[in-house]
1. Which of the following residues is closer than 30 Å to Ser242 by Cβ, small (Gly, Ala, Ser) and either touching a Gly at 6+ places or on another chain (Cβ under 6 Å) or open to solvent by less than 20 Å² (accessible area, probe 1.4 Å) (or both): Gly377, Gly417?
2. In the range 380-423, which residues are in a loop (DSSP other than H, G, I, E, B) and in contact with a Leu (Cβ under 9 Å, 6 or more places away or on another chain)?
3. Has the range 110-122 got any residue that is part of a strand (DSSP E or B), open to solvent by less than 30 Å² (accessible area, probe 1.4 Å) and under 26 Å from Ile415 (Cα atoms)?
4. Within the set of pairs 6 or more residues apart or between chains, which connect a residue that is within 16 Å of Gln386 (Cα to Cα) inside the range 323-343 to a residue that is assigned to a helix (DSSP H, G or I) and among the β-branched types (Val, Ile, Thr) with Cβ atoms less than 8 Å apart?
5. Within the range 305-314, can you find the residues that are of a type outside the set (A, V, I, L, M) and open to solvent by less than 10 Å² (accessible area, probe 1.4 Å)?
6. Would a scan of the range 315-337 turn up a residue that is touching a Phe, Trp or Tyr at 6+ places or on another chain (Cβ under 7 Å), surrounded by 14 or more Cβ atoms within 10 Å (Cβ to Cβ) and charged (D, E, K, R)?
7. Taking the stated definitions as given, is Ile408 touching a strand residue (DSSP E or B) at 6+ places or on another chain (Cβ under 9 Å), more than 19 Å from Asp68 (Cα to Cα), in the same structural domain as Pro305 (by the TED database) and among the β-branched types (Val, Ile, Thr)?
8. Please tell me if Leu127 is modelled with pLDDT under 85, buried (at least 17 other Cβ atoms within 10 Å of the Cβ) and not in a strand (DSSP E or B).
Amino acid sequence: MAAVFPTWILIAALLFEAAVVMGSFPATLKLERKIPLASHELELSQLRERDRLRHGRLLQSSSGGVVDFPVMGTYDPFLVGLYYTKVQLGSPPREFYVQVDTGSDVLWIGCNSCNGCPQSSGLQIQLNLYDPGSSSTASLVSCSDQRCSAGLQSSDSGCSAQSNQCSYTFQYGDGSGTSGYYVADLLHFNSILEGSVITNSTAPIMFGCSVLQTGDLTKSDRAVDGIFGFGQQSLSVISQLSSQGITPKVFSHCLKGSNSGGGILVFGEILEPNMVYTPLVRSQPHYNLDLRSISVGGQVLSINPSVFSTSNNQGTIVDSGTTLAYLADEAYDAFMSAITNAVSQTVRPILSKGNQCYLITSSVNDIFPQVSLNFAGGASMILNPQDYLVQQNSIGGSASWCIGFQKIQGQRITILGDLVLKDKIFVYDLVNQRIGWTNYDCSMSVNVSTNINTGRTEFVNAGEMSNDGSSRDQVRGMLALLLPIIMLTGLLFL
């Protein structure tokens, strides 16, 4: 054993050196968060309002290879930020920027006949409109199409009797929303299968072609070409690709919370020894979890468990499209009281534009307690102070930190948005109906597993595939294939 261990280290070092020599890699798909100018800064009240409008829609909603979406950008809830990725659709392929959203199901893109679609974006990206007529592989989806019928069950599709065309309408709480019709066309992507990079892969998918946008969707400050729904209903891209045997029915993300930004989004299961899992609540339209209690500084708060129970318009939802985090009335009041009591002797509490804030002169980690969200199955989500506080500004020599958790007045709903999701690996295992997580430095590489029909498991470094399928990709594919072999060799000599 003593002789095998140094050999393993040597082999790993050689492989790592080979990977470093090959250099860095262009991203296949870039998931970005906007870094706007200072003039685009938002107050917490505006963020709450934006999220409230989004939640209106949430409340109204009734095995193949690894597909990799490298992440770029940074996180700051005081800026007009959103996570978005770039997808390629049609023949010839065209690129579109779409918001990544675990709170909805459908991928939809603004179309050439759109009324109300923004013409420019404050995100400093080039907006494009999808034109079915310019793609040789595009086709309309009729009402008799089986996929349209499946979408009717989840309210993701409708049917126009006059045109026999499968359609959709997604409405937000303030009346803003989008409507259009469904088309089928090719999605272009790169993937890793059995240790080899497969470039220029395509798969037929059904997605929305938006012809009308209203409300905030018409504004240009945070405009993108559409929304990429990562929900679990039949019309989501993850469901469509998994049903074709192209990807596993599991996806993962790891979003960096530091100013440098970055992260990972991948179709596959990120493997990490410290992952904990909790079951998804069955028969719900969103990613609902069974939250049992909240602890602050190791002490469980006195909150009636019924506050967290799941029913119509009630429960705990994981939603990457929400900027902050939200608690039900009773839970919020208990949480705020516990935090204030824990720091009352060391910091000065202030109210800033209706938000509970604190003036501090040292690190928040030295003052504020850890918070634990405790879920069914014994899984706890540990929140460090930066996971529930946001830095607003500086006053004199003190920094002003505000509570990022907000209250949803009069409703027993908890929503875990980007404030909580950052700096963690999240795995959405739709096959086993569970979600897992662990705190993680998202600037580091990860291993991704996907169960192939043969039963074998793939290991890859996510976020490192090249657009052009160069030899650098092949080197990494070889490394991915060699890793299990090297591990097996080491075991044989134990």
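The values are calculated or read from the model by the stated rules, or taken from the named source; none is laboratory data. Please read all numbers here as calculations on a predicted model, not as lab measurements. Quick reminder, even Gly has a Cβ in these numbers, built from the backbone with ideal geometry, and neighbours come from all protein chains shown. Side chains are part of the model used for accessible areas, which takes the heavy atoms of the whole protein and leaves out ligands, DNA and RNA. Shrake-Rupley method; radii C 1.70, N 1.55, O 1.52, S 1.80 Å.
1. Numbers: Gly377 fails: either touching a Gly at 6+ places or on another chain (Cβ under 6 Å) or open to solvent by less than 20 Å² (accessible area, probe 1.4 Å) (or both).
Testing whether each residue is closer than 30 Å to Ser242 by Cβ, small (Gly, Ala, Ser) and either touching a Gly at 6+ places or on another chain (Cβ under 6 Å) or open to solvent by less than 20 Å² (accessible area, probe 1.4 Å) (or both) leaves just Gly417.
2. First, the residues of the range 380-423 that are in a loop (DSSP other than H, G, I, E, B): 384, 388, 396-397, 404, 409-412, 417, 422-423.
Residues satisfying the conditions are Tyr388, Gly396, Gly404, Gln411, Gly417, Lys422, Asp423.
3. Scanning the range 110-122, I find no residue that is part of a strand (DSSP E or B), open to solvent by less than 30 Å² (accessible area, probe 1.4 Å) and under 26 Å from Ile415 (Cα atoms), so the answer is no.
4. Close Cβ pairs (under 8 Å, with a partner that is assigned to a helix (DSSP H, G or I) and among the β-branched types (Val, Ile, Thr)) amount to Ala325/Val420.
5. Just the residues of the range 305-314 that are of a type outside the set (A, V, I, L, M), to begin with: 305-306, 308-314.
Passing the criteria: only Phe308.
6. No, because not a single residue in the range 315-337 is touching a Phe, Trp or Tyr at 6+ places or on another chain (Cβ under 7 Å), surrounded by 14 or more Cβ atoms within 10 Å (Cβ to Cβ) and charged (D, E, K, R).
7. Working: touching a strand residue (DSSP E or B) at 6+ places or on another chain (Cβ under 9 Å): yes; more than 19 Å from Asp68 (Cα to Cα): yes; in the same structural domain as Pro305 (by the TED database): yes; among the β-branched types (Val, Ile, Thr): yes.
Against the criterion (touching a strand residue (DSSP E or B) at 6+ places or on another chain (Cβ under 9 Å), more than 19 Å from Asp68 (Cα to Cα), in the same structural domain as Pro305 (by the TED database) and among the β-branched types (Val, Ile, Thr)), Ile408 qualifies.
8. Values: modelled with pLDDT under 85: no; buried (at least 17 other Cβ atoms within 10 Å of the Cβ): yes; not in a strand (DSSP E or B): yes.
Answer is no for this residue.
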